[in-house]
Structure formats: structure tokens, C-alpha cells
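The values are calculated or read from the model by the stated rules, or taken from the named source; none is laboratory data. It should be emphasised that the depicted structure is a prediction, and the values quoted were computed from it without experimental measurement. Because the Cβ atoms are built from the backbone with ideal geometry, glycine has one as well, and the counts that use them run over all protein chains shown. Keep in mind that these areas ignore ligands, DNA and RNA; they rest on the heavy atoms of the full protein, side chains included. Shrake-Rupley method; radii C 1.70, N 1.55, O 1.52, S 1.80 Å.
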Amino acid sequence: MQRFHGDQDLLRLADAFPSDDWPRLLCPRCERGILRRIDGKSIATVEAADSASDKWRDHDAWDPDWIYGYFHGSLRCTESSCNEPTIVSGDYRVACRPGPEGYADYFNSYLLRFTVPALCLMKLPDSCPDPVKDRVQDAARVIWADAGSAANRLRSAIEELLTAQKIPRTKLVTRRGPAQVKRRLRLSTQARIEILRSKESEAADLLEAVKWIGNSGSHEGSVTVEDVLNGVVLLEHALHTLYDRRAKDLAKIAKQINNRKGPVRDPKEKTGKR
């Protein structure tokens, strides 16, 4: 699957990365600046007790790439008008790669677990409903530590989005028999998406894909950070399809031009040749 994450390298956070090569990440406050290390001391490492123990270090097969522990520190927005810090933490270990003249090159690698504030996962349309924004933010808070929980929160965002689109949560059914009884049944997420499909087929297709990723999040170990980030991209596109008027207006103009096989102008508009 092709991945699109705009100005960010979010997918690099799905795995460990060299400590001196942080992915390109947007500031979660201003969403314009890029997060950078403040200086060489802005991020510290703490070696785990077992890793630092004499028993571990005295092992005959010990090598520097046995070292592991935790990192913590801060990044700062490069936008001078913002300058907001972001606290980061996670796991670290010493990794090895081929160096010059065949010697081993050891370096620290980081695996991100938490940030405060949460990183910006997607660009939300200004008119996106607040309950949807809240669920996306909930996913952003846990994605690096618990991909399954983040996937479930994206699924909750779908439910909020469908409600904002005035898709009913329940339907009235009549139970036939000697005495007809009317009762309300809760509609499944899939059933609600099918109702949306009748008027917004593209958005419905995107939301259905996010739903399947969200469902996988309920089964431990069956969803990865990369899977959730793919769901983020799909949900972002669905939101812009529904709430970004510019895309719809451009599609409408293109259709009018195609139908006329030429420019479309207001009949009252006076034009002159140049």
C-alpha cells in the first residue's frame, strides 16, 4: 500500500531509528514548525538494570549491542513565533552497522513510546466536528505505546463522524405476531456506513477500510503502528472529502468544463479578448 503523510516522517516512528537522525515531525502546537533537538544534551539515556549488571557485562559473549534501556528528553519547534517544547520518551538500545574498513559501528537507536503533547497525526479540516477531533487526539496519545488502543479510537472517530453526518444510530422495527411490538435496534457501524454510501460513496469506502483496521485493534497483537498510520491517512482523506469544500468546488468546476468542452462563464460576465 502506498503511504502519504505529507510533511511528516511518521512512518519512521513505527520502528527504531538512529538517535542522531530524528524523523521530520510537525510541532503539535502550531502545526507549521518542525521538532528538533535543542542541543546534544536535550535527550538522555538511562540503561536498564539488567543491561548494566556485572552478570550481564561479564558474560563471555557480551557485546555493546546487548546494551538497552530508556530515553527521555525534549524537542523544540523551529518556528520562532511558537518555540513550543515537546517531551519525548521511549526505549533505546545500542545497535550495530558496518563501519569503515569493516569495523563495527555502534550507535544508539530509539523507539518512541510517548510524547507530550501528542504528535499531530493528520491535518483536520477546520469544519471537522469536535467529537471526531477528540477521538483522533485520543488515538494520537497512545499510538506509539499501544497500537491496538489507537486503532479502536479511530473506529470511535468513525462513529462520531457518522453521527455528525446525521446517519442514525438505530432503526425502528416491528415485531410481527398476535400483538405487534415496535422496538429500536442499534445499527452496526457497517450498516451506518452503507447508509452514508448512498450519498458519499468515496468517503464510505475510506471509512469502511478504517473500520476494518479498528476491528483488528480489538485482537491483541494483530495491528501494528504502521497499520494504524495507514488508517490515519484514510480517515484524513475521508474527512477532507466530507468537509473540505475546495475539493468539491473544484470537482464541480471540472465537471462543468468537461460538459461544455470549454471554459464556463457567467452569462452576465463581459469578457474581452487579449
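Please verify whether Arg24 is open to solvent by 60 Å² or more (accessible area, probe 1.4 Å), under 24 Å from Pro125 (Cα atoms) and out of contact with any Ser or Thr (no Cβ under 7 Å at 6 or more places or on another chain), treating the condition exactly as stated. Steps first, answer last, please.
Numbers: open to solvent by 60 Å² or more (accessible area, probe 1.4 Å): yes; under 24 Å from Pro125 (Cα atoms): yes; out of contact with any Ser or Thr (no Cβ under 7 Å at 6 or more places or on another chain): yes.
It is true that Arg24 is open to solvent by 60 Å² or more (accessible area, probe 1.4 Å), under 24 Å from Pro125 (Cα atoms) and out of contact with any Ser or Thr (no Cβ under 7 Å at 6 or more places or on another chain).
Results for (1) farther than 14 Å from Glu236 by Cβ; (2) of a type in the set (D, E, K, R); (3) at pLDDT 95 or above, shown as yes or no for each residue.
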residue	(1), (2), (3)
Pro98	yes, no, no
Glu101	yes, yes, no
Ala104	yes, no, no
Phe114	yes, no, yes
Pro117	yes, no, yes
Asp134	yes, yes, yes
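Could you look through segment 45-65, keep only residues that are acidic (Asp, Glu) and more than 12 Å from Val94 (Cα to Cα), and pick out the one that is least open to solvent (accessible area, probe 1.4 Å)? Steps first, please.
Step one: list which residues in segment 45-65 are acidic (Asp, Glu), which gives 47, 50, 54, 58, 60, 63, 65.
Within this subset, residues satisfying the condition of being more than 12 Å from Val94 (Cα to Cα) are 50, 54, 58, 60.
On the way: Asp50: 93, Asp54: 114, Asp58: 114, Asp60: 156 Å².
Only one residue fits best here, namely Asp50.
Of all residue pairs spaced 6 or more apart or on separate chains, those with beta-carbon atoms under 6 Å, a first member in segment 118-133 that is without any contact (Cβ under 8 Å) to a residue 40 or more places away in the chain and a second member that is hydrophobic (A, V, I, L, M, F, W, C) and open to solvent by less than 50 Å² (accessible area, probe 1.4 Å) are Pro129/Ala164.
Against the conditions (1) modelled with pLDDT of 95 or more; (2) in contact with a strand residue (DSSP E or B) (Cβ under 7 Å, 6 or more places away or on another chain), Ile143 satisfies every one except (2). Leu124 fulfils the conditions (1) under 27 Å from Glu31 (Cβ atoms); (2) open to solvent by 50 Å² or more (accessible area, probe 1.4 Å); (3) in contact with a Ser or Thr (Cβ under 9 Å, 6 or more places away or on another chain) except for a single criterion, (3). Checking every residue in segment 235-257 against the condition of being under 29 Å from Gln8 (Cβ atoms), modelled with pLDDT of 95 or more and β-branched (Val, Ile, Thr) gives zero matches. Among the strands (runs of 3 or more DSSP E) confined to segment 1-98, there are none with at least 2 residues that are under 23 Å from the mean Cα position of the chain (by Cα) and free of Cβ contacts under 8 Å to residues at least 12 places away in the same chain.
Every condition in (1) part of a helix (DSSP H, G or I); (2) surrounded by 17 or more Cβ atoms within 10 Å (Cβ to Cβ) is met by Asp134 except one, and the failing one is (2). Please list, ordered by first then second residue, the pairs with beta carbon atoms under 8 Å, 6 or more apart or interchain, first in segment 251-266 and free of Cβ contacts under 8 Å to residues at least 60 places away in the same chain and in a loop (DSSP other than H, G, I, E, B), second of a type outside the set (Phe, Trp, Tyr) and open to solvent by less than 100 Å² (accessible area, probe 1.4 Å). From segment 251-266, the pairs are Pro263/Ile257; Val264/Ile253; Val264/Gln256; Val264/Ile257; Arg265/Thr271. With respect to the conditions (1) more than 23 Å from Cys30 (Cα to Cα); (2) open to solvent by less than 60 Å² (accessible area, probe 1.4 Å), Ser42 falls short on a single one, namely (1).
Among the residues making up segment 199-211, a single one is closer than 15 Å to Ala150 by Cβ and not basic (Lys, Arg): Val210. Residues that are outside any loop (DSSP other than H, G, I, E, B), of a type in the set (Ser, Thr, Tyr) and either without any contact (Cβ under 8 Å) to a residue 24 or more places away in the chain or open to solvent by 40 Å² or more (accessible area, probe 1.4 Å) (or both) are absent from segment 222-230.
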